[in-house]
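Enquirer: This is the structure, below, for whatever I ask next.
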Amino acid sequence: MSTTTVLQVQGMTCGSCVRHVTQALTPLAGVEVVEVDLKGGLVRVEGNPDVATLLETLADAGYPSTLANGTPSGAAPKGGCGSGCGCR
């Protein structure tokens, strides 16, 4: 049975950010579906991934995040688009 994990993600400002976040999370073990709400700064992940791995992967990609319930990733914001999409 799959679950839904909702993450609040910092630094997403454009379509390239959406693509970077989606490409970072999709190949992770247990991830079935990734949906990004750019305007709301939310990412919904369907499946059974390890939540710590989701948070660490996003932080490594430059997008500090928390669970929608407020659990932090422990990463400091890097400012702007995480993977250098060039929108700033």
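The values are calculated or read from the model by the stated rules, or taken from the named source; none is laboratory data. In this text, all values refer to a predicted model and were calculated from it rather than measured experimentally. Every residue, glycine among them, receives a Cβ derived from its backbone with ideal geometry; neighbour counts consider all protein chains shown. Remember, those area values only see protein heavy atoms, side chains included, never the ligands or the DNA or RNA. Shrake-Rupley method; radii C 1.70, N 1.55, O 1.52, S 1.80 Å.
Here's the yes/no breakdown for (1) in contact with a Pro (Cβ under 9 Å, 6 or more places away or on another chain); (2) open to solvent by less than 40 Å² (accessible area, probe 1.4 Å):
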{"position": "7", "(1), (2)": "no, yes"}
{"position": "10", "(1), (2)": "yes, no"}
{"position": "26", "(1), (2)": "no, no"}
{"position": "32", "(1), (2)": "yes, no"}
{"position": "37", "(1), (2)": "no, no"}
{"position": "46", "(1), (2)": "no, yes"}
{"position": "52", "(1), (2)": "no, no"}
{"position": "61", "(1), (2)": "no, yes"}
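Enquirer: Restricted to segment 35-46, and to residues that are β-branched (Val, Ile, Thr) and closer than 18 Å to residue 13 by Cβ, which residue is nearest to the chain's Cα centre (by Cα)?
Expert: Only one residue tops the list, namely 43.
Enquirer: Could you say whether any residue in segment 16-23 is outside any helix (DSSP H, G or I) and open to solvent by 70 Å² or more (accessible area, probe 1.4 Å)?
Expert: no
Enquirer: Filter segment 63-88 down to residues that are in contact with a Pro (Cβ under 8 Å, 6 or more places away or on another chain) and at pLDDT 75 or above and give me whichever is most open to solvent (accessible area, probe 1.4 Å).
Expert: Here the answer is 66.
Enquirer: Consider residue 56 carefully, then state whether it is free of Cβ contacts under 8 Å to residues at least 40 places away in the same chain, open to solvent by 60 Å² or more (accessible area, probe 1.4 Å), among the charged types (D, E, K, R) and in a strand (DSSP E or B).
Expert: It is false that residue 56 is free of Cβ contacts under 8 Å to residues at least 40 places away in the same chain, open to solvent by 60 Å² or more (accessible area, probe 1.4 Å), among the charged types (D, E, K, R) and in a strand (DSSP E or B).
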